[in-house]
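Bear in mind that the values in this text are calculations on the coordinates, not laboratory data. In this text, all values refer to a predicted model and were calculated from it rather than measured experimentally. Cβ placement follows ideal geometry from the backbone for every residue including glycine, while neighbour counts extend to all protein chains displayed.
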Amino acid sequence: MAEITAEKTARPTVWRTHGTDRRSTRTLRLRTSAALLAVTVLAVLLVPPLVQLDQQAVDLAAKLRPPSWAHPFGTDDVGRDLLLRCVYGLRVSLLVGVAAALTATVVGTAVGATAGALGGWVDRGVMRVVDTIASVPHLLLGIFIVAMFRPGVWPVVVSVALTHWLSTARIVRAEVLSLRSRPYVDAAVSGGASRWRVAVRHLLPGVLPQAALAAVLMVPHAMWHESALSFLGLGLPTHTASLGNLIQEARGSLLAGHWWPTLFPGLFIIVPTLAVAGLAGAWRERINPRRRSELML
């Protein structure tokens, strides 16, 4: 009997220790992600005005130099400083990613909220359209869309936005259907509130956190999509310093054994992606307390 009692009293202590370890791990991940994202944003904002150098300046005498104090990321095949090129490329890729994510989130939220709020045949018809578009590989559809325009920033934004709103529409629709069964929504309908008022006052505020989380997660996805289009020669013009163009230009250097023109632009894509993913994971746990409590056990 004494052994059983001792075991019962010891078990909660083990759970609390396990939960404390998980909380410390999440805190470390959150701080690391915030620090990486802060460094990325500061580099984009401060490096161009502080470093008074032309990122397009060609110096054939200094081409393909490895990383050094003078050029921390080395130089490319025409002697341009890779650090400046990566920072300017990250600015362009972030612009495309943020603009495309916001556009896709607005479209997806409007479509998903409309389908979930109206229900019936409208819901079924809208979701069949979403399923039909989702059946086409989004990279192939993006190539088809961007090929109809001249190379530029906004054709890439339109291409990425029109191929990435589907997941947001599904998330928002599912959240609206969940909110429609809540007692306060039934009370508003019973009180004579119109369908528009219920959607604006009760349904839309409830889906905004999920839509905002989807927008944040979509930014790195849009950056990868832009990089893929630019790498294929269908995205931004070749003279524009985007991360996809930098990797595309470095293919010949990589085959010749020069690794730095490919490595550093790739890191400028991976690091913001990991930072956003870490912050979004913490945000997801905050807006979903049930999942957070399950992870602590």
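Hey, what's the Kirkwood Rh for segment 180-264 if you take every pair of different alpha carbons, in angstrom? List each step's numbers first, then the result.
Numbers: mean 1/r = 0.0598 Å⁻¹.
Taking the inverse mean of 1/r over all distinct Cα pairs, segment 180-264 comes out at 16.7 Å.
Could the peptides 157-169, 197-209 be put in order, highest first, of the mean number of other beta-carbon atoms found within 10 Å of their residues?
Final packing ranking: 157-169, 197-209.
Placing +1 on the Cβ of each Lys and Arg and -1 on the Cβ of each Asp and Glu in the chain, which of GLY112, LEU141, ALA99 has its Cα farthest towards the positive end of the resulting dipole?
Towards the positive end, the residue furthest out is GLY112.
To the nearest 10 degrees, how steep is helix 204-231 against the longest Cα principal axis of the chain, on a 0 to 90 scale?
Helix 204-231 sits at roughly 20 degrees to that axis.
Report, in deg cm²/dmol and to the nearest 500, the calculated mean residue ellipticity at 222 nm for the chain, where each DSSP H run with n ≥ 4 adds -39500 (n - 2.57) and the sum is divided by the residue count.
-25500 deg cm²/dmol
Would you mind calculating the relative contact order of the chain from Cα pairs under 8 angstrom and at least 6 residues apart, reporting the percent as a whole number?
26 percent.
Mean-square fluctuation check for the chain, GNM, Cα pairs under 10 Å: which of ALA222, ALA241, ALA34 is largest?
ALA34
With all distinct Cα pairs included, what does the Kirkwood hydrodynamic radius of segment 85-151 come out to in Å, to one decimal, could you say?
After inverting the pairwise mean of 1/r, the radius is 14.3 Å.
At a temperature of 10 °C and a viscosity of 1.306 mPa s, determine how fast segment 22-94 diffuses translationally according to Stokes-Einstein, using the Kirkwood radius over alpha-carbon pairs as Rh; express D in µm²/s, rounded to the nearest whole number.
115
Can you tell me the equivalent ellipsoid semi-axes for segment 125-273? Use √(5λ) from the Cα gyration tensor, largest first, whole Å.
Over the Cα atoms of segment 125-273, the ellipsoid semi-axes are 42, 16, 12 Å.
Taking the Cα centre of the chain as the origin, how large is its charge dipole in debye, to the nearest 20, when only Lys and Arg (+1) and Asp and Glu (-1) carry charge on their Cβ atoms?
1080
To the nearest 0.05, how large is the calculated FRET efficiency for HIS239 and ALA35 if R₀ is 25 Å and r is the Cβ-Cβ distance?
On the way: r = 33 Å, r/R0 = 1.33.
Efficiency at R0 = 25 Å is approximately 0.15.
Mind sorting out which of (1) 24.4, 84; (2) 21.9, 66; (3) 23.3, 78 is the real Rg and Dmax of the Cα atoms in Å computed from the coordinates?
Correct label is (1).
Rounded to the nearest Å, what's the spacing between the alpha carbon centres of segment 76-140 and segment 149-193? Just the number, please.
Distance between centres, Cα-based: 13 Å.
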